[in-house]
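Reading through the structure tokens given below for one structure.
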Number of protein chains: 2
Amino acid sequence: MTTGTKRASGAGTKGVPRVEREQEILQLASVAFGTAGFAATNVADVAREAGISKPLVYNYFGSKEGLYAACLDAAGSLLADEIERIARGDAVGIERGLRTMEGMFAVLEDRRHVWRLLHDRTAPTTGRVADVVAQHTARIDKLAHEGVHELLALAGVTDELDVSAMTATWLGIVDSLMDWWVAHPDQGAEQMARRVGRLVGALLVDANRSES
Amino acid sequence: MTTGTKRASGAGTKGVPRVEREQEILQLASVAFGTAGFAATNVADVAREAGISKPLVYNYFGSKEGLYAACLDAAGSLLADEIERIARGDAVGIERGLRTMEGMFAVLEDRRHVWRLLHDRTAPTTGRVADVVAQHTARIDKLAHEGVHELLALAGVTDELDVSAMTATWLGIVDSLMDWWVAHPDQGAEQMARRVGRLVGALLVDANRSES
DNA sequence: ATGAATTGACTTCTGGGTAAGTTACCACCA
DNA sequence: TGGTGGTAACTTACCCAGAAGTCAATTCAT
């Protein structure tokens, strides 16, 4: 590489390399998309927040969908990788669920909004965005389905519709806990993990009580 | 009231009384809002589906928000009334949860989409719509909170944040089951109630297994 | 005929996307 | 060292589609 003054060609407002700037835009866009949703997010606003002009965003990402797809790609890999990592462990049933939640809390500690990206109802359902969403949710749903299947099988439930409904419910639980977490920024990841453990424990106490 | 030929003044395309026509619009609008969301729903489309013109919709409901508020009012009352009715029963803990789900399934059997109306992130967060949403979710959340508080208290958990998180989770569970139900139109209300019962049972079996 | 009900045709505004110009950096040459 | 053209980065100013909302004109029951 050229010595001293890096090879920054062109006329950046600063000598900030493009990749770094793209990274910053993605960060800001993820927050915007994750909180307001795809439809309600304004590209011009994101650009202004990033301190650049709208056309530059288009120059980098091609379109609003392209920007969203880029955010999704980062978020999806992050999440799916972590869930896969945990799935490789030996926990089963409820234990596996708790471990997974723990992992999610740890990974998303300071990126809580990204969970929403994968479940945005206002995102386009066709085209590149849909493909990227499908790709990542497929990975995640597969693992969720696998875990739930295992859990239910241990209890003798094997009906595929039951597994399907339970998987949806599990994902909904994760969803709502993430929402709650977003609404309670002062709560840390370990705090959340302990809280969830406590709540599951309470459920079981109650269940056994009402069984007697 | 006027005798014989009802008091239908003006020039309806048919002799359909206004109230009835309003009802039909609300029905269609609820489906549209509930499936596509507030932002993605187009007033002109709703009007076309109802076989009338857009200005007439505005004449009836004043604005898109007015139309949405009217849908919400019907949906909110329906749901909150039913949940309150069940809360007046003597079921507690998990049992109360199951009873509530049963009631929801029964009430929403052929209006499954309305549950989404109350949880639409694309709806305006200020003005009349926000007020109506707040009013109904306040009723529902209060009952959910009450039920969860009771359930957790039986297990010795009294931390307010725990109750808050668990309430959010409970509402998320209902949410995801409703979504699953929407995606499986062939499943009846009783079928769903039995399914949920089965799944809760399976969870308990697994929990006791892993405890030993 | 009269007036309420209803509509076709309009205005307005928001927001995605683009064309054309401007700036800053670099390579090359005298 | 300083001018000169080339090029990539960046911005200003614009276009345009779609959807909310409005109004004068029209239809219809009485």
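For the set B:His119, A:His113, solvent exposure ranked by accessible area (probe 1.4 Å, protein chains only) runs largest to smallest as B:His119, A:His113. Placing unit charges on each Cβ (+1 for Lys and Arg, -1 for Asp and Glu) gives chain A a dipole about its Cα centre, and among A:Gly62, A:Asn208, A:Val129 the Cα reaching farthest toward its positive end belongs to A:Gly62.
Subtracting the Cα-Cα distance of A:Asn208 and A:Glu20 from their residue separation scaled by 0.36 nm leaves 62.2 nm.
Peptide B:160-173 has a mean shielding of 6, counted as Cβ atoms of other protein chains within 10 Å of each residue's Cβ. Measuring nothing but how far apart in sequence close Cα pairs (under 8 Å, 6+ apart) lie, relative to its length, chain B scores a relative contact order of 21 percent. Computed FRET efficiency, Cβ-Cβ of B:Asp81 and B:Ala183, R0 30 Å: what is it to the nearest 0.05? Once rounded, the FRET efficiency stands at 0.70. Across the accessible surface of region B:48-131, with the other protein chains kept in place and a 1.4 Å probe, carbon and sulfur atoms take up 47 percent. For A:Asp159, A:Asp179, B:Asp90, the ranking by accessible surface with the largest value first comes to B:Asp90, A:Asp159, A:Asp179, using a 1.4 Å probe. Largest first, the three principal axis extents of the alpha carbons in the protein assembly as shown are 98, 63, 37 Å in whole numbers. Ligands, DNA and RNA aside, A:His184 has an accessible area near 40 Å² when probed at 1.4 Å. For region B:56-134, the solvent-accessible area of protein heavy atoms averages 45 Å² per residue (probe radius 1.4 Å; ligands and nucleic acids excluded).
Across peptide A:193-201, the mean count of Cβ atoms from other chains lying within 10 Å of each residue's own Cβ comes to 4. Between copies, the label points at A:Asn59 (set 7 angstrom from Cα along Cα-to-Cβ) are spaced 5.3 nm, reported in nanometres from shortest to longest.
The interface between chain A and chain B buries about 3500 Å² of solvent-accessible area in total (1.4 Å probe, ligands and nucleic acids excluded). In this assembly of identical copies, the label point of B:Ala74 (Cα plus 7 Å along Cα-to-Cβ) is separated from its counterparts by 4.4 nm, sorted shortest first. Computed from Cα positions, the angle between helix B:189-211 and the longest principal axis of chain B comes to roughly 20 degrees.
Backbone N atoms of region B:187-206 closer than 19 Å to the 7 Å Cα→Cβ label point of A:Ala91 belong to residues B:203-206. Neighbouring Cβ atoms from other chains, within 10 Å of the Cβ of residues in B:68-79, number 0 on average. Out of A:Val163, A:Val129, A:Val200, any idea which swings most in a Gaussian network model of chain A, alpha carbons joined below 10 Å? Of the options given, A:Val200 has the highest mean-square fluctuation. Build a GNM of chain A with springs between Cα atoms under 10 Å apart, and of A:Leu26, A:Leu161, A:Leu152 the one that fluctuates most is A:Leu161.
The values are calculated or read from the model by the stated rules, or taken from the named source; none is laboratory data. Computed from a prediction, not measured in an experiment: that's the story for all the values here. For neighbour counting, all protein chains shown are included, and Cβ atoms are generated from backbone atoms with ideal geometry for every residue, glycine included. When the accessible area is computed, the model is the full protein with side chains, heavy atoms only, and any ligands, DNA or RNA have been set aside. Shrake-Rupley method; radii C 1.70, N 1.55, O 1.52, S 1.80 Å.
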